[in-house]
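This report refers to the structure that appears directly beneath it.
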Amino acid sequence: MAAPRCPFPILLLLALLALSAPALLRADGAEEARKTYIFRVDHRAKPSVFPTHAHWYASAAFASSPEAIPLEPLHVYGTVFHGFSASVPASRAAELRRHPAVLAAFEDRSRPLHTTRSPQFMGLRARLGLWSLADYGSDVIVGVLDTGVWPERRSLSDRNLPPVPARWRGGCDAGPGFPASSCNKKLVGARFFSQGHAAHYGASAVASNGSVEFMSPRDADGHGTHTATTAAGSVAYEASMEGYASGVAKGVAPKARVAAYKVCWKGAGCMDSDILAGFDRAVADGVDVISVSIGGGGGGVTAPFYLDPIAIGAYGAVSQGVFVATSAGNEGPTSMSVTNVAPWLATVGAGTIDRNFPAEIVLGDGTRLSGVSLYSGKPLTNTSLPLYYPGRTGGLSASLCMENSIDPSLVKGKIVVCDRGSSPRVAKGMVVKEAGGAAMVLTNGEANGEGLVGDAHVLPACAVGEKEGDALKAYAANASNPTATISFGGTVVGVKPAPVVASFSARGPNGLVPEILKPDFIAPGVNILAAWTGATGPTGLEADTRRTEFNILSGTSMACPHASGAAALLRSAHPGWSPAAIRSALMTTAVVTDNRGGPVGDEAEPGRAATPFDYGAGHITLGKALDPGLVYDAGEEDYVAFMCSIGYEPNAIEVLTHKPVSCPAAAAGAASGSDLNYPSISVVLRGGNQSRTVTRTATNVGAQASATYTARVQMAAGNGVSVSVKPEKLVFSPGARKQSFAVTVAAAPSAPPAAAPVHGYLAWSDGGGGHEVRSPIVVTWLQPM
């Protein structure tokens, strides 16, 4: 059982006592700086004299030496992870690493957040299919690790909901502005974790960054309220963001219960120690699904799983039957930028939906340029205004419209062109407004290409892609008297093509284990309407005094809760399915065609078909996921074998498993993670090896226990790669619900390694049964160093 959390006043008292305790001094007499570390402890080593692990960790018996001051743990973990976090000098951390019961230790760090029509776009329909069969998820509890929640929003109303499931063990942490009565039959739990944040930034830092914040589960940022209600928001009529996206707002699982775990703080990110505490508490409370729209390593630089608290916490959750969805990251379209890549996670990229918020710029020469905007204030009164680009004369800072970078005398009353990058998009608009500018056009550069997201700007403004931006700046530079105007087109639905992979959505390959294809799939993540905090305006800027009930945001942070809500519906419809089976159903039924019938494209490069490195298995569609036919299941034994195969030592694996592990002597040398029973197939041919065989086991979960599935493989032509499947037919019966098969990937001996990865797919079809179980195949070559 997890140790109870200490109330914040007690933690503050402990911090003050720590300040009065003897300080550790360096040899030169200076006090040694403290940092927060997370320690993984062999919980079985606790002496029986101590009633709890918390007592043991804080005792003199656990101290690293007889002279050492007893520890004052910030968090004690006991559900998904065993150990504690503490703020200690580096020398003390080194001593603790040598403690015989300490299995691992790593420094706490801060992670960024990855910042209603979308349920219908995924194939959900009122009173039909998955929504109907799962009763909209009413018996499922979704835990959201984020910035907290704004409980008064209609999207968190418990009207017409049945009683809270009796198995729920969670609670409602009271705090300033958040009485325990804030929870209800919808918001069944709300907790906050500030100890790691306070240790890193200082106990008073929560409210000292110049912005409103609450030492309670109340959401001052908005991100947490948005993600929670995207996943499981109740039905709210007449919803919109200042007139945009008007209609009925509802989460993917509108009757599912929400438990909010505030592990992130406005303007300060999310500390690993607090994230791990959130995982630990959520599983102890009894959630069924955990949604984590928080950044991992990114940029291809990812810590090993045994040093990654999100991977560690998620492993502990998944091992207890909890589905965990994470965001893939917003560093796209850069290759190998995907984060949160552990194979027990569902890693979610972002795609567009068939809704847009168009704006148009008309130049003085009659040229019309297309953009997007969520500006809702007074329109421009003049038909034409002077156009000015600060970057032409003011240098890089001015081109980016950074704070105090543009001359008010040069921009007053003009439409100002600002380049995207280095500061928030909406902050550039505030800079222009405060300098006297009348309007703004935000232009993409090469890094963002043609990918556009709408923003609720504080002045008339819109965003344009790279090509339109180049044309705009060329006109501003060459015209003798450049002028322009901006008009705003409101909300447009039925946009084609959709989905398209969002330009910002992080891409594969997996930089840590290329044999595991990531992201797993994409979900709606562009211009998503959901509930918002009452503490800040829709831009999140301190100077934005507007308040809205709903906001429209974009990011893989928005895609992740779509997958979490989808998992909640599948868990309700199929309570016996494992987290791996749920992920498999979402992956093997995902679509790779858009609403025109063509291949899903890439927003960063219009006209280019996206690949599995961009969208994984494709865009999730819940009408099919309810009945996938076959699933690729996996559990703890499979994940342990996988980690052995990629060369992890048993003591490193034990950091995740909480129990002894033995790797076969040949495991690490045999090969790769390709044999994990994963719904996608990623094969890496190393050196001169031109062939590789991987195995999979399919489980029949269809209504017909007796079924025959036939394999079909399609690979890109002309690359010298062949793929064969044995057997080519899988025959299932009541006594044989599982069948295994082998997939052999071979390159012609005379063929040189391909310059680019080769893509294709394997599909198992039962003919008249209506099931097609599709797995992407990716083949890459890795040359020896």
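The values are calculated or read from the model by the stated rules, or taken from the named source; none is laboratory data. Model, not experiment: these values are computed from the prediction. Because the Cβ atoms are built from the backbone with ideal geometry, glycine has one as well, and the counts that use them run over all protein chains shown. For the accessible areas, the whole protein counts, side chains as well, though only heavy atoms, and no ligand, DNA or RNA atoms are used. Shrake-Rupley method; radii C 1.70, N 1.55, O 1.52, S 1.80 Å.
Per-structure values
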quantity	calculated
Residue list for the stretch 691-726, filter: open to solvent by less than 50 Å² (accessible area, probe 1.4 Å), not charged (D, E, K, R) and not in a loop (DSSP other than H, G, I, E, B)	Val694, Thr697, Ala698, Thr699, Asn700, Ala707, Tyr709, Ala711, Met715, Val721, Val723, Val725
Index of the failed condition, Ala568 passing every other in (1) buried (at least 19 other Cβ atoms within 10 Å of the Cβ); (2) outside the structural domain of Asn340 (by the TED database); (3) out of contact with any Cys (no Cβ under 8 Å at 6 or more places or on another chain)	(2)
Residue list for the stretch 393-422, restricted to those being open to solvent by 60 Å² or more (accessible area, probe 1.4 Å) and over 21 Å from Gly449 (Cα atoms)	Thr393, Glu403, Asn404, Asp407, Pro408, Ser409, Leu410, Lys412
Per-region count, the stretch 539-562, residues farther than 27 Å from Ala325 by Cβ and at pLDDT 90 or above	2
Any hit, the stretch 224-231, residues being of a type in the set (Ser, Thr, Tyr) and surrounded by fewer than 24 Cβ atoms within 10 Å (Cβ to Cβ)	no
Index of the failed condition, Phe613 passing every other in (1) open to solvent by 10 Å² or more (accessible area, probe 1.4 Å); (2) assigned to a loop (DSSP other than H, G, I, E, B); (3) among the hydrophobic types (A, V, I, L, M, F, W, C)	(2)
Only listed residue being open to solvent by 10 Å² or more (accessible area, probe 1.4 Å), part of a loop (DSSP other than H, G, I, E, B) and within 15 Å of Ser370 (Cβ to Cβ), chosen from Gly490, Gly534, Gly449	Gly490
Tally, over the stretch 573-597, of residues that are open to solvent by 20 Å² or more (accessible area, probe 1.4 Å) and among the small types (Gly, Ala, Ser)	4
All positions within the stretch 235-278 that are open to solvent by less than 10 Å² (accessible area, probe 1.4 Å), at pLDDT below 95 and within 17 Å of Gly534 (Cβ to Cβ)	Ala236, Ala239, Met241, Ala249
Residues satisfying the stated conditions in the stretch 316-335, i.e. modelled with pLDDT of 95 or more, open to solvent by 10 Å² or more (accessible area, probe 1.4 Å) and in a loop (DSSP other than H, G, I, E, B)	Ser319, Gln320, Gly321
Leu161 surrounded by fewer than 24 Cβ atoms within 10 Å (Cβ to Cβ) and of a type in the set (A, V, I, L, M, F, W, C)	yes
Matching residues in the stretch 640-649 - criterion: being surrounded by fewer than 23 Cβ atoms within 10 Å (Cβ to Cβ) and either in the same structural domain as Ala711 (by the TED database) or among the aromatic types (Phe, Trp, Tyr) (or both)	Tyr648
Single condition Val501 does not satisfy, out of (1) out of contact with any Asp or Glu (no Cβ under 6 Å at 6 or more places or on another chain); (2) surrounded by 20 or more Cβ atoms within 10 Å (Cβ to Cβ)	(1)
Subset of the stretch 33-57 (residues that are more than 35 Å from the chain's Cα centre (by Cα) and buried (at least 19 other Cβ atoms within 10 Å of the Cβ))	Lys46, Trp56
Residue match in the stretch 500-513 (condition: assigned to a strand (DSSP E or B) and within 30 Å of Ser240 (Cβ to Cβ))	yes
Residues of the stretch 189-223 that turn out to be modelled with pLDDT of 95 or more and open to solvent by 40 Å² or more (accessible area, probe 1.4 Å), as a count	0
Test: residue in the stretch 343-356 that is in a loop (DSSP other than H, G, I, E, B), aliphatic (A, V, I, L, M) and open to solvent by 40 Å² or more (accessible area, probe 1.4 Å)	no
The stretch 367-378, subset touching a strand residue (DSSP E or B) at 6+ places or on another chain (Cβ under 8 Å) and closer than 15 Å to Gly429 by Cα, residue most open to solvent (accessible area, probe 1.4 Å)	Ser376
Residues of the stretch 728-739 classified as under 23 Å from Gly760 (Cα atoms) and open to solvent by 60 Å² or more (accessible area, probe 1.4 Å), total	2
Residue among Leu400, Leu442, Leu410, Leu374 that is among the hydrophobic types (A, V, I, L, M, F, W, C) and modelled with pLDDT of 95 or more	Leu442
Tally of residues being outside any helix (DSSP H, G or I) and open to solvent by less than 10 Å² (accessible area, probe 1.4 Å) across the stretch 553-565	1
Condition met for Gly647 (within 26 Å of Gly555 (Cβ to Cβ), outside any strand (DSSP E or B) and modelled with pLDDT under 95)	no
Gly454 being in a loop (DSSP other than H, G, I, E, B), closer than 30 Å to Pro151 by Cα and open to solvent by 10 Å² or more (accessible area, probe 1.4 Å)	no
